[in-house]
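The values are calculated or read from the model by the stated rules, or taken from the named source; none is laboratory data. Predicted, not measured: the structure shown is a model, and the values here were computed from it. Cβ: placed from backbone, ideal geometry, glycine included. Neighbour counts: every protein chain shown. Accessible surface is based on the protein model in full, side chains and every heavy atom, while ligands, DNA and RNA are left aside. Shrake-Rupley method; radii C 1.70, N 1.55, O 1.52, S 1.80 Å.
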Amino acid sequence: MSGHVLVAYASKMGSTAEIAAGIGAEIREHGHLVDVRNVKHVQSVAEYDAVVLGSALYNRAWRPEAVHFLSKHAEELRAREVWLFHSGPIGPHADGLQAMPRKVRELAERIGAQPAMTFAGRLEPETAQGFLARRMAATVLAGDVRDWDVIGAWAQDVAAAISAAEAGCWNRPGQSQEVSR
Ligand SMILES: Cc1cc2nc3c(=O)[nH]c(=O)nc-3n(C[C@H](O)[C@H](O)[C@H](O)COP(=O)(O)O)c2cc1C
């Protein structure tokens, strides 16, 4: 049996959506059934064994739809394998880890998820949306600094962890299996 995995994302200018697609493809390579979906369109997590959630960072915050998802489904997520990531840093500090916003950190603790992984982002004139983003994209900050090797390696770790959980047992509500964490 392969795990059914949701890779949900919150993205304004498309970069995080592409990262989610890359993560989904990598997990799929490991034999899992993966849905990559905009978190706005996810109504339920009941059908999933594991969930990966990623948000773009704006002004040190996650996109509201991602925070809403974590909050709304916290109890169901607690009973599942969950991995979080956020994407944003560009410019000279693109390699720096970003702190989780307080609300996201609290929700992650409630769910039992590890701190979010940080991936560098993209800000380019072609995809910038909004006055401020277009202004920033016209400066030295502009560029696509996403590191696909780092993203791929993280996705492989997630896929391996899902496989390991699957080899033991899924911690699914309503199942009489041993609880895995
Ligand atoms: C107005 C504005 C604010 C931003 N604030 C942050 C921030 O606080 N932290 C960060 O790491 N990146 C920040 N960024 C960079 C974006 O997160 C980055 O461009 C990201 O890749 C966009 O993701 P998206 O295309 O999925 O929306 C900001 C970008 C803009 C335009």
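For the chain, report the accessible area per residue in Å² (1.4 Å probe, heavy atoms, rounded to an integer).
51 Å²
Secondary-structure-derived ellipticity at 222 nm for the chain, considering helices only, amounts to -11500 deg cm²/dmol, per-run term -39500 (n - 2.57) for DSSP H runs with n ≥ 4.
When Lys and Arg each count +1 and Asp and Glu each count -1, what net charge do the other residues less than 15 Å away from ALA133, Cβ to Cβ, add up to? Each step should come with its number before you reach the end.
Numbers: positive: LYS12, ARG63, ARG122, ARG134, ARG135; negative: GLU124, GLU126, ASP144.
The answer is +2.
Temperature 37 °C, viscosity 0.692 mPa s: under these conditions the Stokes-Einstein estimate for the chain, based on its Kirkwood radius over C-alpha pairs, is 197 µm² per second. If R0 is 22 Å, the Cβ-Cβ spacing of ASP147 and ASP35 corresponds to a FRET efficiency of close to 0.35. Each residue, ARG78 and GLU47, gets one label point 7 Å from its Cα in the Cβ direction; the gap between the two is 2.6 nm. Rounding to the nearest 10 and keeping the result within 0 to 90°, find how far the Cα-based axis of helix 102-111 lies from the longest principal axis of the chain. Between helix and principal axis, roughly 20 degrees. Out of all DSSP beta bridges with both ends in the chain, state the antiparallel percent to the nearest 5. If we restrict to bridges inside the chain, about 15 percent are antiparallel.
Over all other residues within a Cβ to Cβ distance under 14 Å of ARG102, the charged ones net out to +2, with Lys and Arg as +1 and Asp and Glu as -1.
Each peptide among 48-60, 118-130 gets the average number of other Cβ atoms lying within 10 Å of its residues, and from highest to lowest they stand as 48-60, 118-130.
So how tilted is helix 15-29 from the main axis of the chain? Cα-based, degrees 0 to 90, rounded to 10. That works out to roughly 30 degrees. Please compute the contact order of the chain in relative form: average sequence separation of alpha-carbon pairs under 8 Å and at least six residues apart, divided by the residue count, as a percent. Over the chain, the number comes to 23 percent.
With all protein chains in place and a 1.4 Å probe, the accessible surface of the chain carries 51 percent carbon and sulfur. The stretch between GLN129 and ALA21 holds 36.8 nm of extra length on full extension. This uses 0.36 nm per residue minus the Cα-Cα distance. Sparse packing (at most 15 other Cβ atoms within 10 Å of the Cβ) combined with a DSSP loop state is found for the following GluC sites (Glu not before Pro) in the stretch 34-120: GLU47. Shown here for the stretch 69-115: chymotrypsin sites (Phe, Trp or Tyr not before Pro) in loop regions (DSSP other than H, G, I, E, B) with at most 16 other Cβ atoms within 10 Å, of which there are none. Enter the angle in degrees (range 0 to 90, nearest 10) between the Cα long axis of helix 148-168 and the first principal axis of the Cα atoms of the chain, meaning the one along which they spread out most. Orientation of helix 148-168: about 10 degrees from the principal axis.
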